[in-house]
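Below is one structure, written out as structure tokens; comments come after it.
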Amino acid sequence: MKVWIDCSFALKNKTGVGAYILSIIEALKESGIIPNLIFCRIFENIPYKAIPYFIWLNTVFYIKTLIEKPDVIFFPAFFMPFFKRKNTKYITVIHDLAPYNPKFVNSYISFIYKLAINIAIRKADTIITISEAVRQELITKFSIPEEKIKLTSNCVGEHFLNENQINGPDILQKYGLTDKKYVFSAATFNKRKNMYSLIEAFSLISAKYPDIKLVLAGAKGNDEKLNHIDNENVIFTGYVKDEELPILYKHSLIYVFPSLYEGFGIPILEAQATETPIIASNIPVFREVAANGAVFCIPTSKNIAKKIELLIADTKLRQSLIEAGKQNLSRFSSDILAKQIKEILDI
């Protein structure tokens with residue numbers, strides 16, 4: 001079987017869609033299939049990448065499919081061509097429907113992503129989601145037949161499961177941190193990640209816990225507001241290397257995930273894999289993913305602050321969340337994903 005995976009947008013690091021692609025690749029290899037990874041190079045270093053990428057999909061890529069005749073093509077970032085080769089199975093992965101909420105994306109991004117999602121829904125032979133929450137959103141919003149949408153597992157990257165990690169104390173020293181003396185969160189600073197509510201929550205209790213820091217991993221972008229946060233215990237790490245990230249999880253006291261909307265929530269599994277207690281927004285997908293391995297709250301600053309204080313004070317609760325998280329991880333593994341991919345491909 002000749003299988004292609006379009007990796008044009010998604011293999012820059014081992015998080016998000018990139019992590020999911022790596023899991024699919026491993027699942028296929030376990031089935032004896034070495035996929036051909038396809039990249040669009042024409043839009044490197046230019047703005048508005050989606051437009052030239054879509055042109056490439058419907059010209060260069062389409063012609064390539066006619067010549068080389070793949071049996072299956074995966075589109076893990078949901079963008080897929082309008083023109084299809086007959087006798088090739090087109091599979092797209094729709095991770096979330098955030099573009100349909102104007103609070104979370106600007107009008108240009110919303111237009112492009114809605115167009116791409118609508119093409120994917122019309123043209124894909126099979127749609128994959130990685131959560132039941134998004135699967136139900138798709139069925140409800142677009143009246144898609146249930147049998148067309150397949151649910152697959154997700155799983156943490158190997159670097160979170162590898163016990164031979166790089167030296168933890170060195171990483172803590174690099175960022176000026178002390179073991180179990182910081183609250184951690186890893187995310188970009190867009191609206192749906194709700195990081196400002198976390199920062200405000202920490203500011204409400206920071207004076208009471210002067211030895212506890214808030215550590216935020218991820219690119220700050222061009223947000224000037226972040227440069228005016230007057231709290232020396234709030235630390236912005238910037239981009240963190242893949243091999244360093246598990247260390248920052250493992251040595252944190254609490255992981256906080258305050259998002260307003262997500263399609264899955266891989267940091268939940270990453271925190272559970274590193275035995276870190278979790279505070280998560282009370283949204284359906286987080287309850288689906290975390291099960292009993294998290295404390296849930298309405299993601300306002302006051303509610304987040306209350307839950308942080310609760311977990312700081314309650315050692316037994318933190319330990320019970322860690323144990324529940326370890327049990328929950330058994331639902332999400334590369335073996336389960338491999339089995340699901342085999343079923344979708346009928347191999």
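Every number in this text was worked out from the coordinates using simple rules, so none of it is lab data. The model shown is predicted, which means the values in this text are computed figures rather than measured ones. Heads up, the Cβs are rebuilt from the backbone with ideal geometry, glycines too, and the neighbour counts pull from every protein chain shown.
Under the convention that each Lys and Arg Cβ holds +1 and each Asp and Glu Cβ holds -1, the size of the dipole of the chain around its Cα centre is about 920 debye. Determine the relative contact order of the chain: mean sequence separation of Cα pairs under 8 Å and six or more apart, normalised by residue count, in whole percent. This gives 17 percent for the chain. The string of couplings for the range 190-201 from the Karplus curve (6.51, -1.76, 1.60, θ = phi - 60°) is 8, 4, 6, 6, 6, 5, 5, 5, 5, 4, 5, 4 Hz, one whole number per residue in order, with x for Gly and Pro. The Cα atoms of the range 161-331 give a gyration tensor whose axes a ≥ b ≥ c have a/c under 1.5, which makes the shape rounded. Can you give me the Kirkwood hydrodynamic radius for the chain, using every pair of distinct Cα atoms, in Å to one decimal? Roughly 21.3 Å, rounded to one decimal.
The region of the chain that goes longest without hitting one of the chymotrypsin sites (Phe, Trp or Tyr not before Pro) in a DSSP loop, each with at most 16 other Cβ atoms within 10 Å, is 84-238. Listed by chain and number, the aspartates and glutamates placed with their C-alpha closer than 17 angstrom to that of Lys326 are Glu158, Glu163, Glu270, Glu275, Glu288, Asp335; residues fewer than eight positions away on the same chain are left out. The H on the amide N of Ile128, modeled in the peptide plane, is under 5 Å from the matching H of Thr92, Val93, Ile94, Lys150, each at least 5 residues off or on a different chain.
Let's test the formula: R0 of 51 Å, r as the Cβ-Cβ distance of Lys86 and Glu158. What FRET efficiency results, to the nearest 0.05? Taking R0 as 51 Å, the efficiency between Lys86 and Glu158 is 0.85. Structural descriptor for the range 161-331: relative contact order 23 percent, calculated from alpha carbon pairs under 8 angstrom and at least 6 residues apart.
The calculated Kirkwood hydrodynamic radius for the range 244-347 is 14.3 Å, given to one decimal from all distinct C-alpha pairs. DSSP finds beta bridges in the chain, and of those with both partners inside it, around 5 percent are antiparallel. In this structure, the residue pairs whose Cα-Cα separation is over 22 Å, taken from Lys241/Lys339; Lys225/Lys306; Lys250/Lys342; Lys191/Lys302, are Lys241/Lys339; Lys225/Lys306; Lys250/Lys342.
Between Ala280, Ala290, Ala313, the GNM of the chain built on Cα springs shorter than 10 angstrom shows Ala313 fluctuating the most. Counting only the backbone N, which residues of the range 56-87 are under 12 Å from the spot 7 Å out from the Cα of Phe142 toward its beta-carbon? In the range 56-87, the label zone of Phe142 (backbone N under 12 Å from the point 7 Å along Cα→Cβ) covers 78-80.
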